[in-house]
Amino acid sequence: MKLAEIATNLNCELDGDGELEISGIAPIDQAKSGELTFLTNRKYHKSLKTTKASAIIVSQNFDSLAISTLRSKNPYLTFARAIDLFHTQPKSSPGIHPTALISKHSRIGENASIGPYVIIDENVAVGDNSIIHPHVVICRGSVIGDNFIAYSHVSVREESIIGNDVILQNGVVIGSDGYGFAKQDDGSYAKITQSGRVVIEDDVEVQANTTIDRAAIGETRILKGTKIDNLVQVGHGSKVGYDSLLCSQVGLAGSTEIGNNVILTGQVGVAGHCRIGDRVIATAQSGIPSDIEPDSIVSGYPAIENRSWLKSSALFSKLPEISKSLKELQRRVDKYLK
């Protein structure tokens, strides 16, 4: 594909040779001649001197470069769309594999593709154009919208509600029992029946081996557009707002409420019954034991304002020296007072 054609498809400003033939897209430090690359992270600026790429995607105000350039208002999004010009996702043909077990009391929409050893229980509704890969289990009473994709070993438990354009990656569990146990007089624990449900709204993606638990009563809800990474735990009765990002190994205890456009980065933990305001960003490994106001950036444990945490963390390595100085100062004061 010629670079000029790519520029048109991606709505970019072309600076350079539009007749260049581009065969693919690759990272800046791995790209070869004939490939398109991109630059959005400052730490890779040094690779501009060594890259073998024939063309590069950059921001509109980026400096002039020796290689042909595609300038974009949003270079990372442009890079994402460039991948689609060269990579086509495998397509599944409509049809139901003979080993799939589907209740006669369930309804499957048009153009569905259902793979080997899928189990669909009673009173399930699956929308049109759905793709259900091998070994997926959908339990009784679940209702799923159009354009649903479930990869192998996904489990959708009883009475779950899933909207349109939802993707569940391998091993996702929707609607497993919440962690509910009541202590008895003899010190043992009685299981609390988890009678609630999970609701996943439209355009949500849940990635591999994540679990979203049902509540004892009420519902656990993931709002429209939210993206959840691998190995995330969403506790019973929690609510996650729209267009939020939960990165790998985030853990939400029960009845947590996450606002809209929130970003919880890797290994963030949130205590139960906390309210995280809209547009909050929590940096990696933060522990959140209490409510966070909207538009905050927090770090550390217990999570505090990010700038304060950065100042505090800069002092950690100096604490032994500071302690030694304070002890010496105290010794001198004590000696003087004597």
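Just so you know, all these numbers are worked out from the coordinates, no wet-lab data involved. Not measured: the values here are computed from a predicted model. Neighbour counts are summed over all protein chains in view; Cβ atoms, including those assigned to glycine, are modelled from backbone coordinates with ideal geometry.
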Which numbered condition LEU310 fails, given (1) surrounded by 12 or more Cβ atoms within 10 Å (Cβ to Cβ); (2) in a loop (DSSP other than H, G, I, E, B); (3) touching a strand residue (DSSP E or B) at 6+ places or on another chain (Cβ under 8 Å): (2)
Selected residue [within 22 Å of ASP202 (Cα to Cα), in contact with a Leu (Cβ under 8 Å, 6 or more places away or on another chain) and of a type in the set (A, V, I, L, M)] from ALA53, ALA150: ALA150
Selected residue (only one of TYR336, TYR301 is loosely packed, with under 10 Cβ neighbours inside 10 Å and either in a loop (DSSP other than H, G, I, E, B) or over 17 Å from the mean Cα position of the chain (by Cα) (or both)): TYR336
GLU110 vs. criteria out of contact with any His (no Cβ under 6 Å at 6 or more places or on another chain), over 30 Å from GLU159 (Cβ atoms) and not in a strand (DSSP E or B): no
Lone qualifier among ASN123, ASN164 - being under 22 Å from the mean Cα position of the chain (by Cα) and either among the aliphatic types (A, V, I, L, M) or assigned to a loop (DSSP other than H, G, I, E, B) (or both): ASN164
